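Working notes, structure below.
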Amino acid sequence: MRFVVPAGITNNPKEEARMAEESGLETARLNRILQNPKYHELVTKRRRFAWFLSTIMLILYYTFILLVAFKPSFLATPIGASIVTVGMPLGAGVIVSAFLLTWIFVLRANGAYDRLTNEIKEMTK
């Protein structure tokens, strides 16, 4: 059986019926899930953590873009006697940070969020 955790909480019966149909859950079980305090905890924790990581990524990205726009001479500064400039590792760092932040989210999702999801499944059988 497929289990889909909706992104938000609804009090709209038509919306709940649509979500139940899409997820393959009967309406009664979906209602129990939506009313479960652990479900609210899961949604809140996941949303808060996702926004936290997104904010970090946006700060890194826009800082780099602002450097490109307003301090290109700094980014063009060679590192040592090589042809590598400061901008090259900084740009690579922005890309690598996206992968690292995604990896951090997956670790949390596979740990804490999966445990909460399994608890919710067990409680609402």
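For region 99-108, name all the residues that are within 9 Å of the chain's Cα centre (by Cα) and closer than 13 Å to residue 46 by Cβ. Across region 99-108, the qualifying residues are 105, 106.
Take the conditions without any contact (Cβ under 8 Å) to a residue 24 or more places away in the chain and assigned by TED's automatic domain parsing to the domain that holds residue 45 and apply them to residue 64. Does it pass?
Numbers: without any contact (Cβ under 8 Å) to a residue 24 or more places away in the chain: no; assigned by TED's automatic domain parsing to the domain that holds residue 45: yes.
For residue 64, the condition - without any contact (Cβ under 8 Å) to a residue 24 or more places away in the chain and assigned by TED's automatic domain parsing to the domain that holds residue 45 - is not met.
Residue check, residue 28 against (1) in the same structural domain as residue 119 (by TED's automatic domain parsing); (2) small (Gly, Ala, Ser); (3) over 19 Å from the mean Cα position of the chain (by Cα), all met but one. Which one? Among (1) in the same structural domain as residue 119 (by TED's automatic domain parsing); (2) small (Gly, Ala, Ser); (3) over 19 Å from the mean Cα position of the chain (by Cα), residue 28 violates only (1). Might you let me know whether region 98-110 holds any residue that is among the charged types (D, E, K, R) and either under 30 Å from residue 18 (Cα atoms) or surrounded by fewer than 10 Cβ atoms within 10 Å (Cβ to Cβ) (or both)? For region 98-110, residues among the charged types (D, E, K, R) and either under 30 Å from residue 18 (Cα atoms) or surrounded by fewer than 10 Cβ atoms within 10 Å (Cβ to Cβ) (or both): present.
Scoring residue 28 on the criteria (1) out of contact with any Asp or Glu (no Cβ under 7 Å at 6 or more places or on another chain); (2) surrounded by 11 or more Cβ atoms within 10 Å (Cβ to Cβ); (3) within 30 Å of residue 14 (Cα to Cα) leaves a single failure, condition (2). Can you pull out the residues in region 48-78 that are β-branched (Val, Ile, Thr), farther than 19 Å from residue 100 by Cβ and either surrounded by 12 or more Cβ atoms within 10 Å (Cβ to Cβ) or in contact with a Phe, Trp or Tyr (Cβ under 9 Å, 6 or more places away or on another chain) (or both)? Within region 48-78, 68 is the sole residue that qualifies.
For region 1-72, please list each of the helices (runs of 4 or more DSSP H) lying entirely inside it that holds at least 1 residues being modelled with pLDDT of 90 or more and more than 24 Å from residue 108 (Cβ to Cβ). Before the answer, list the steps.
Values: elements: 13-23, 27-35, 37-70.
Fully inside region 1-72 and qualifying: 37-70.
With respect to (1) under 21 Å from residue 52 (Cα atoms); (2) among the polar types (S, T, N, Q); (3) not in a helix (DSSP H, G or I), the lone exception for residue 82 is condition (1). Considering 88, 123, which residue is modelled with pLDDT under 95 and not aromatic (Phe, Trp, Tyr)? The match here is 123.
The values are calculated or read from the model by the stated rules, or taken from the named source; none is laboratory data. Owing to the predicted nature of the structure, the values given are computational and were not obtained by experimental measurement. Cβ atoms come from the backbone with ideal geometry, glycine included; neighbour counts cover every protein chain shown.
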